[in-house]
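J.: Just dropping this structure here.
The values are calculated or read from the model by the stated rules, or taken from the named source; none is laboratory data. Note that this is a predicted model, so its numbers are computed, not measured. No Cβ is skipped: glycine too gets one built from the backbone with ideal geometry, and neighbour counts run over all protein chains shown.
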Amino acid sequence: GPGRLPAAAGEEGPVEGGPPDHSYSLSSGTTSEELLRKLNEQRDIIALLEVKMKEMKGSIRRLRLAEAQLREEIREKDRLLHAASAGTRKRHGL
């Protein structure tokens with residue numbers, strides 16, 4: 001009927017007893033409005049995933065900076081402990 005897209009060659013609706021219809025699969029009777037709605041839903045999902053990816057990249061960057069700062073603090077404390085223990089050994093004649 002009007003407003004319906006023709007089915008691709010060899011494409012048919014779900015076969016009786018066959019696998020269930022998935023959200024990404026299309027039956028031969030899908031209207032252009034339904035296709036447009038599905039396309040817009042997928043675009044929205046992709047846009048949301050892109051935002052989440054940017055947020056995660058920012059989080060990873062902050063975590064890497066924090067890790068570098070912590071490693072530097074540990075190195076400094078290790079250096080101070082080593083210097084203090086070397087001084088203690090000298091005072092006690094070890």
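J.: Given the options S28, S59, name the one that is at pLDDT 65 or above, in contact with an Asp or Glu (Cβ under 7 Å, 6 or more places away or on another chain) and not aliphatic (A, V, I, L, M).
T.: Result of the check over S28, S59: S28.
J.: Scan segment 9-20 and give yes if some residue there is out of contact with any strand residue (DSSP E or B) (no Cβ under 6 Å at 6 or more places or on another chain), of a type in the set (V, I, T) and at pLDDT 95 or above, otherwise no. Steps first, answer last, please.
T.: Within segment 9-20, the subset out of contact with any strand residue (DSSP E or B) (no Cβ under 6 Å at 6 or more places or on another chain) is 9-20.
From the residues that got through so far, the ones that are of a type in the set (V, I, T) too are 15.
Then drop every residue that is not at pLDDT 95 or above, which leaves none.
Checking segment 9-20: not a single residue is out of contact with any strand residue (DSSP E or B) (no Cβ under 6 Å at 6 or more places or on another chain), of a type in the set (V, I, T) and at pLDDT 95 or above.
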